[in-house]
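One structure is given here, and the rest of the page talks about it.
Laboratory data are not the source of any read-out in this text; all were calculated from the coordinates shown. No experiment lies behind these values; they were computed from the predicted model shown. Neighbour counts are summed over all protein chains in view; Cβ atoms, including those assigned to glycine, are modelled from backbone coordinates with ideal geometry.
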Amino acid sequence: MWQRKWDEYKLLRVLSYRKFVSANREDPKDRQKRRCLIAASRKGLVELEFTPIDIVARLSPAKRYLYRKRSF
C-alpha cells in the first residue's frame with residue numbers, strides 16, 4: 001500500500017504557500033501526517049486546532065514570517 005511520507009521539512013514547505021494543513025482524526029492514511037503535526041507542535045513550529053473531524057495546523061506567529069514565501 002502506498003503511503004504519504006510526512007516530515008517537518010515537507011510540512012513547512014506546504015505551509016509556506018498554504019494557510020493551513022488538516023489531517024483526519026480517524027483515517028488510517030493520515031496517521032503519519034497526524035504524528036508529524038503533533039511533533040511540530042511540540043517543537044513550537046505550528047499551532048494545532050482540534051475539530052471533531054480534523055486536526056488543523058497553522059504556522060505559529062513567531063515562525064510565520066520566516067517560512068512564508070515572499071511575493072513581489
*Quick one: Karplus J couplings for segment 38-43, per residue in order, coefficients 6.51, -1.76, 1.60, θ = phi - 60°, nearest Hz, x for Gly and Pro?*
5, 5, 5, 5, 5, 7
*Length gain on complete extension for the stretch residue 60 to residue 13, per 0.36 nm per residue less the alpha carbon to alpha carbon distance?*
15.5 nm
*Arrange 14, 46, 21, 56 by Cβ neighbour counts within 10 Å, fewest through most, would you?*
14, 56, 21, 46
_Averaging the inverse of every distinct alpha carbon separation and then flipping it gives the Kirkwood radius. What is it for segment 1-41, in angstrom units?_
10.6 Å
*Give, in nm to one decimal, the length gained when the segment between residue 38 and residue 22 is fully stretched (0.36 nm per residue of separation minus the Cα-Cα distance).*
4.6 nm
